[in-house]
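Remarks on the structure that follows.
The values are calculated or read from the model by the stated rules, or taken from the named source; none is laboratory data. Nothing here was measured: the structure is a model prediction, and the numbers come from that model. Backbone-built Cβ (ideal geometry, glycine too); neighbour counts: all protein chains shown.
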Amino acid sequence: MSEVVELINHPLSQTGRSINAPKTPAPIFFNRKELSQILQVYGLMVAKSEWRDYAIGQTKTTCSFAIFHRTTDKPIFRIYKEPRLANKQGAFSVLSQSGRTLKRGKDLEQVLKVFDKKRLQSVD
């Protein structure tokens, strides 16, 4: 019986790591609201046949949503989330195909307004 109590109270039994071990940071990803805002813009541009494909990527410090005109091309736009820049330049940014930052900010909705000009153009 004492062996069972020792195993239950062992520091590695509950979490699989020691109590004194450093905690691993939570993975960085778009939350549901952010992803919904991005997919809303994406859906409108797909309906206009401007965009055709997307990819979502993740590193230790960032998360990205890449937008493609064709699957084989380089992404025409990339939307990044970098929480470590939230207090400085803003956690969200939109980059062009050449890597130039088109817009950066703390609020994703404001950053996505960079696509409004393309969205509202009339097609003749």
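Per-structure values
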| read-out | value |
| --- | --- |
| Index of the failed condition, LYS103 passing every other in (1) under 27 Å from PRO27 (Cα atoms); (2) surrounded by 14 or more Cβ atoms within 10 Å (Cβ to Cβ); (3) in contact (Cβ under 8 Å) with a residue 12 or more places away in the chain | (3) |
| Residue tally, condition closer than 17 Å to GLU34 by Cβ and assigned to a strand (DSSP E or B), over region 44-66 | 9 |
| Qualifying residues in region 67-97 (those that are of a type in the set (Lys, Arg) and in a strand (DSSP E or B)) - the one modelled with the lowest pLDDT | LYS81 |
| Qualifying residues in region 22-41 (those that are outside any helix (DSSP H, G or I) and among the β-branched types (Val, Ile, Thr)) - the one nearest to ARG52 (Cα to Cα) | ILE28 |
| Region 84-119, subset under 14 Å from SER64 (Cβ atoms) and β-branched (Val, Ile, Thr), residue nearest to the chain's Cα centre (by Cα) | VAL94 |
